[in-house]
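No lab work stands behind these numbers, since they all come straight from the coordinates. Since this is a predicted model, take the numbers as computed values, not measurements. Backbone-built Cβ (ideal geometry, glycine too); neighbour counts: all protein chains shown.
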Amino acid sequence: MRAILSIVAGLVVGVVAAGLLLGGILVLTPEPPPPSAAAPSAAIASSTPSPTASGTPSATAATSASASPAASASAADAPFHVGQPAPPLVVPQVGGGTIDLASLKGVPVWINFMATWCPSCKDEFPLMNGFAARYADKGLVVIAIDVQEDDAAVAAFADGLGASFPIGLDSDGKAAVAWDALTLPVHFWIDKDGVVRHGALGGIGPDVMAAGLKTILPGVDVTP
């Protein structure tokens with residue numbers, strides 16, 4: 001009997017000891033931290049643009065458009081300078097004298113930048129001769145500007161084609177640069193007030209020439 005009581009007492013003591021040990025382990029084990037709120041708040045912040053950020057694109061675009069000289073210049077420069085006062089043009093004339101566009105204000109002027117090596121220039125000269133003669137009584141002045149060639153070569157070219165209009169010499173090419181005449185031939189039609197009204201790249205025929213002349217000869221029946 002005593003042996004049985006000893007066994008029971010030992011089991012009770014063992015259970016109590018196990019319970020105390022388990023309780024100690026639970027006490028010593030740290031509780032897990034609560035879920036962090038940082039991650040959700042950070043995600044919301046990144047997906048919601050701030051007032052400053054939302055205003056940045058338009059402000060930056062406006063600043064770059066107004067502050068960039070290149071952007072302003074390209075917006076202001078119309079093709080062939082149409083609608084703008086003609087750039088200055090003062091060059092020596094083949095055979096002597098000077099061509100000064102400023103002195104021709106008050107009359108319509110057709111300017112052609114060209115070169116003797118250019119096949120299209122050669123083809124256009126007879127047509128230009130015809131228009132120059134036909135509308136001379138309307139005050140039309142036709143001028144060719146040769147780019148970067150010498151007087152003798154240009155004079156021979158003009159004589160060979162029977163050019164009836166004056167030809168200027170842009171020996172250093174500076175006039176062509178000022179007029180953006182970087183592809184030859186190129187034509188400009190300037191009205192009596194000195195404003196460019198039309199322009200065209202060369203290799204053109206009488207129809208395009210007549211269209212240009214109509215812009216500077218108002219009221220005149222210009223035919224090809």
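Looking only at segment 98-136, filter to residues that are among the aliphatic types (A, V, I, L, M) and in a helix (DSSP H, G or I); which one of those is surrounded by the most Cβ atoms within 10 Å (Cβ to Cβ)? Walk me through how you get there before you give the answer.
Step one: of segment 98-136, the residues among the aliphatic types (A, V, I, L, M) are 99, 101-102, 104, 107, 109, 111, 114-115, 127-128, 132-133, 136.
With the extra rule that they be in a helix (DSSP H, G or I), the set shrinks to 101-102, 104, 127-128, 132-133, 136.
Details: LEU101: 21, ALA102: 10, LEU104: 19, LEU127: 16, MET128: 23, ALA132: 17, ALA133: 13, ALA136: 13.
Applying the filter and picking the extreme gives MET128.
If a residue has to be surrounded by 16 or more Cβ atoms within 10 Å (Cβ to Cβ), in contact (Cβ under 8 Å) with a residue 40 or more places away in the chain and under 24 Å from VAL107 (Cβ atoms) to count, how many in segment 137-153 make the cut?
Residues meeting the conditions: 4.
Within segment 194-224, how many residues are under 13 Å from ASN112 (Cα atoms) and either over 29 Å from the mean Cα position of the chain (by Cα) or not hydrophobic (A, V, I, L, M, F, W, C) (or both)?
The total comes to 5.
Keeping to segment 186-210, report how many residues are part of a loop (DSSP other than H, G, I, E, B) and within 21 Å of ALA133 (Cα to Cα).
Taking segment 186-210 first, the residues part of a loop (DSSP other than H, G, I, E, B) are 191-194, 202-205.
Pick out the ones that are also within 21 Å of ALA133 (Cα to Cα) and you get 191-192, 202-205.
Number satisfying all stated conditions: 6.
Out of all the residues in segment 179-194, which are buried (at least 16 other Cβ atoms within 10 Å of the Cβ) and among the aliphatic types (A, V, I, L, M)?
Once the filter is applied, which keeps residues that are buried (at least 16 other Cβ atoms within 10 Å of the Cβ) and among the aliphatic types (A, V, I, L, M), segment 179-194 yields ALA181, LEU184, VAL186, ILE190.
Filter segment 159-181 down to the residues that are aliphatic (A, V, I, L, M) and closer than 12 Å to ALA115 by Cβ, then identify the one that is farthest from the chain's Cα centre (by Cα). Even if it seems obvious, please write down each step before you answer.
Restricting attention to segment 159-181, the residues satisfying the condition of being aliphatic (A, V, I, L, M) are 161, 163, 167, 169, 175-178, 181.
Remaining after also requiring closer than 12 Å to ALA115 by Cβ: 167, 169, 176, 181.
Values: ILE167: 33, LEU169: 30, ALA176: 20, ALA181: 17 Å.
Among those residues, the one meeting the criterion is ILE167.
Conditions: (1) out of contact with any helix residue (DSSP H, G or I) (no Cβ under 6 Å at 6 or more places or on another chain); (2) on the phi > 0 side of the Ramachandran plot. THR183 meets all but one. Number of the miss?
The single condition THR183 does not satisfy is (2).
Has segment 97-108 got at least one residue that is within 24 Å of PRO206 (Cβ to Cβ) and touching a Pro at 6+ places or on another chain (Cβ under 7 Å)? Quick ask: steps written out before the conclusion?
Filtering segment 97-108 down to residues within 24 Å of PRO206 (Cβ to Cβ) leaves 104, 107-108.
The next check asks that each one be touching a Pro at 6+ places or on another chain (Cβ under 7 Å); those that pass are none.
Looking for residues that are within 24 Å of PRO206 (Cβ to Cβ) and touching a Pro at 6+ places or on another chain (Cβ under 7 Å), one finds none in segment 97-108, hence no.
Here's a check for you: in segment 156-178, which residue that is more than 16 Å from THR98 (Cβ to Cβ) and aliphatic (A, V, I, L, M) is surrounded by the fewest Cβ atoms within 10 Å (Cβ to Cβ)?
Selected residue: ALA156.
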